[in-house]
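Worksheet for the structure shown next.
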Amino acid sequence: MANRTVKDANSIHGTNPQYLVEKIIRTRIYESKYWKEECFGLTAELVVDKAMELKYVGGVFGGNIKPTPFLCLTLKMLQIQPEKDIIVEFIKNEDFKNVRLLGAMYMRLTGTAVDCYKYLEPLYNDYRKEKNQNRNGEFELMHVDEFIDELLHAERMCDIILPRLQVGLRHVLEEAEMLDPRISALEEDLDEVESSDEEDEEEEKPERLQTPEPHRRRDGYRDNDRPRRSPSPRYRRSRSPRRFVRLPEVLERHRSKSPRRHRSRSRDRRHRSKSPGHHRSHRHRSHSKSPER
């Protein structure tokens, strides 16, 4: 019948390849219009033409669980089980991104862990945009590298349960020398940037040694051409210690100066108080001079 797997197909993960898709979704695909009209009698060579006509990716959508053409072609490839070389050519195709994603989906379902890491990780460098149809039938924007990352790390993709990849399995395969260490394109760019920065720093070092900065003065360096400034008020020089004077000397000086002044003043006062006619003569003189004016 049209829905049976090819006789010569090998079992994958110990089961029929079509059984990797859940039974409910599988029956919906068999009943869909796209499966009956477009996928009938397809071979490995004709699948490429149908994959080139794909416009978006996705699983099932709507209340009736309708499958997308991408999901129908995935099941058809599980049914006919094309050779590994054809799948590798699907993945290496750079002109049609949907053909590449279809081959990556099939490789993830049927390939070993070594094949998945070997053929899918290079697709991280593909940043092209892709349309994805969600469960509600709405289209979402995603990129090819996001699709590949979900294939390698998510448990379910396009409503298909993916074979499990253990956490840290890649490090185990690297230690067993079954995989080469992954080199990211970003690491190469970072190495170039770091090397250019180091070269710039090496070029700047001799310039700094030859031309000292004018504003910053090194220790022991003094510019003789520049006039010396007076110390700022903030950094005044410390005052010289006060001179210690003995108390007896101060008292002697005070006695030698102050008593003469006090004695002269007291004598004047006594002389004025003893001569009462002094004030009168002074008043008389003032009155006698006024009429002359």
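The values are calculated or read from the model by the stated rules, or taken from the named source; none is laboratory data. Worth saying up front: this structure is predicted, and the values here are computed from it rather than measured. Virtual Cβ from ideal backbone geometry, glycine too; neighbours counted across all protein chains shown. The accessibility values were calculated without ligands, DNA or RNA, using every heavy atom of the protein model including side chains. Shrake-Rupley method; radii C 1.70, N 1.55, O 1.52, S 1.80 Å.
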- Task: Return the sequence-ordered ³J(HN,Hα) values of segment 80-85 in whole Hz as given by the Karplus equation 6.51 cos²θ - 1.76 cosθ + 1.60 applied to θ = phi - 60°, using x for Gly and Pro.
- Result: 8, 6, x, 5, 5, 5
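Given a Förster distance of 25 angstrom, what is the FRET efficiency for GLU53 paired with LEU141, based on the Cβ-Cβ distance and rounded to 0.05?
Details: r = 21 Å, r/R0 = 0.83.
It comes out at approximately 0.75.
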- To the nearest 10 Å², what's GLU192's accessible area with a 1.4 Å probe? 120
- Message: How charged is the neighbourhood of LYS66? Take every other residue with its Cβ under 12 Å from the Cβ of LYS66, and add Lys/Arg as +1 and Asp/Glu as -1.
- Response: +1
- Note on the structure: Counting sequence-distant residues (5 or more places) and residues on other chains, those with an amide H built under 5 Å from that of LYS66 are PHE61
- Query: Within the accessible area of segment 104-210, what % is carbon and sulfur when the probe is 1.4 Å and the other protein chains stay in place?
  - Reply: 47
- Query: ³J(HN,Hα) across segment 150-164 via Karplus (A = 6.51, B = -1.76, C = 1.60, θ = phi - 60°), whole Hz, x for Gly/Pro?
  - Reply: 5, 4, 7, 10, 7, 8, 9, 9, 6, 6, 10, 6, 7, x, 6
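Would you mind checking the pairs LYS7/LYS50; LYS23/LYS76; LYS36/LYS66; LYS55/LYS97; LYS36/LYS97; LYS55/LYS129 and listing those with alpha carbons more than 18 angstrom apart? Walk me through the numbers before you get to the answer.
Numbers: LYS7/LYS50 23 Å; LYS23/LYS76 15 Å; LYS36/LYS66 14 Å; LYS55/LYS97 10 Å; LYS36/LYS97 25 Å; LYS55/LYS129 12 Å.
As for pairs spanning more than 18 Å Cα to Cα, those are LYS7/LYS50; LYS36/LYS97.
Explain nothing, just the number: relative contact order of segment 16-104, from Cα pairs under 8 Å at least 6 residues apart, as a whole percent. Walk me through the intermediate numbers first.
Numbers: 86 pairs, mean separation 26.6, N = 89.
In percent, rounded to a whole number, it is 30.
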- Message: Using a probe radius of 1.4 Å on heavy atoms only, what accessible surface per residue do you get for segment 65-121? Whole Å² is fine.
- Response: 34
- For segment 168-178, in order, what is each residue's ³J(HN,Hα) by Karplus, 6.51 cos²θ - 1.76 cosθ + 1.60 with θ = phi - 60°, in whole Hz (x at glycine and Pro)? x, 5, 5, 5, 5, 5, 5, 5, 7, 6, 8
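Can you give the accessible area per residue of segment 10-52, in Å², using a 1.4 Å probe?
Details: 2630 Å² over 43 residues.
Per-residue value: 61 Å².
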